[in-house]
Amino acid sequence: MSSQLPDTKITYPSPIRAPSPVPVDDAVLPYEVDALDLRGRLTRLGPTLDDILTKHDYPTPVGKLLGEAIVLTTLLGSSLKFDGRFILQTQSDGPVSFLIVDFKAPDRLRAYARFDAGRITDGQESGSLLGKGHLAMTIDQGPDMSRYQGLVALDGGSLEDAAHEYFLRSEQIPTRVRIAVGEEWRGGDGPKHRWRAGGMLMQFLPKAPERARQADLHPGDAPEGTVAHTVAEDDAWVEGQSLIATVEDVELIDPDLSGERLLYRLFHERGVRVFKPLALKAQCSCSREAVASMLKSFEPRDRAEMVKDGKVEVTCEFCSSVYQFTPQEAGVE
């Protein structure tokens, strides 16, 4: 005699272990706090960031700002589930008039900033460096797919402020971001100065969407005296925000503090689950073949004007690689 077993789903508990004490640089560590419906990513950057920034003679405030943009790009771009690009770009009237960070999934980073050295002063904050303008975040899914772009106004605030505004207006997902960039000085042999950075993104993603509801945005033309719409924040999100607010800059960039230990410090009472880290590296997409193809796109007169001292020289703005061509190789008649 046989009997049918009920169609049940067997679940297995996640393995429980102590947080790893080994710091891992140049990686994004996804995490989840199930008890609070929180998900996010933690970025730690060392040699990769140093490689990108030291290729240019950036003043310290500019290097710090570009480092912040790189951290923010890794936190957002590492969520791509396809082989595409996430591009963060600013255009503004501040001393740093333009910066761009290009993240090519799953792990390649390159970045560049254009600035007016005469307007840079020691200790300038990111808000005053950027000034007023806009921040664009673009997702490029490839040549056969349409691009998605979100724009955020820059009005003297930091990149953290701009990220919060983007998620509030575009994604409408309760989100908090923390970013820190610093310089590490060491004695002895080897490099004495190195750039380091860290960042943390946390989002409230409950199973019931109404729990994540936020207040309606101000329409901008409401009559004077109109009462602003408010929504009570979920207790879990309030707790999550209070926890991430305690994260200090030194914890995000500390080379001796592992990402897992930092997450355990924050969420050990609620329990935190970490996933496989995603490695990052500095790698430009330029090549001699790509530059040669670019030169062919110019008009013959423009190519002729590029000849200096009997050669055509092109420098990549991202990685500072220099490519030289004879006039004939550059297509100059």
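Some observations on this one:
- The chain, dipole about Cα centre (Lys/Arg Cβ +1, Asp/Glu Cβ -1), debye to the nearest 20: 920
- Whole-number D in µm²/s for region 1-156 (Stokes-Einstein; Kirkwood sum over Cα pairs; 20 °C, 1.002 mPa s): 117
- Whole-Hz couplings from phi, Karplus 6.51/-1.76/1.60, listed for region 305-316; x for Gly and Pro: 6, 7, 6, 10, 6, x, 8, 10, 10, 10, 10, 6
- Carbon-plus-sulfur accessible fraction, the chain (probe radius 1.4 Å, protein heavy atoms only): 50%.
- Of Met202, Met145, the residue with the largest accessible area leads and the full order is Met145, Met202 (1.4 Å probe).
- log₁₀ of I(q)/I(0) at q = 0.09, 0.11, 0.12 Å⁻¹ - the chain, Debye sum with one point per alpha carbon: -0.58, -0.83, -0.95
- Surface per residue (accessible, 1.4 Å probe) for the chain, Å²: 57
- GNM top mover of Tyr264, Tyr112, Tyr323 - the chain, alpha-carbon springs below 10 Å: Tyr323
- Computed [θ] at 222 nm, deg cm²/dmol, the chain (DSSP H ≥ 4; -39,500 (n - 2.57); rounded to nearest 500): -6500 deg cm²/dmol
The values are calculated or read from the model by the stated rules, or taken from the named source; none is laboratory data. Quantities reported herein were computed from a predicted structural model and do not represent experimental measurements. Every residue, glycine among them, receives a Cβ derived from its backbone with ideal geometry; neighbour counts consider all protein chains shown. The area values use the complete protein model at the heavy-atom level, side chains included, leaving out ligands, DNA and RNA. Shrake-Rupley method; radii C 1.70, N 1.55, O 1.52, S 1.80 Å.
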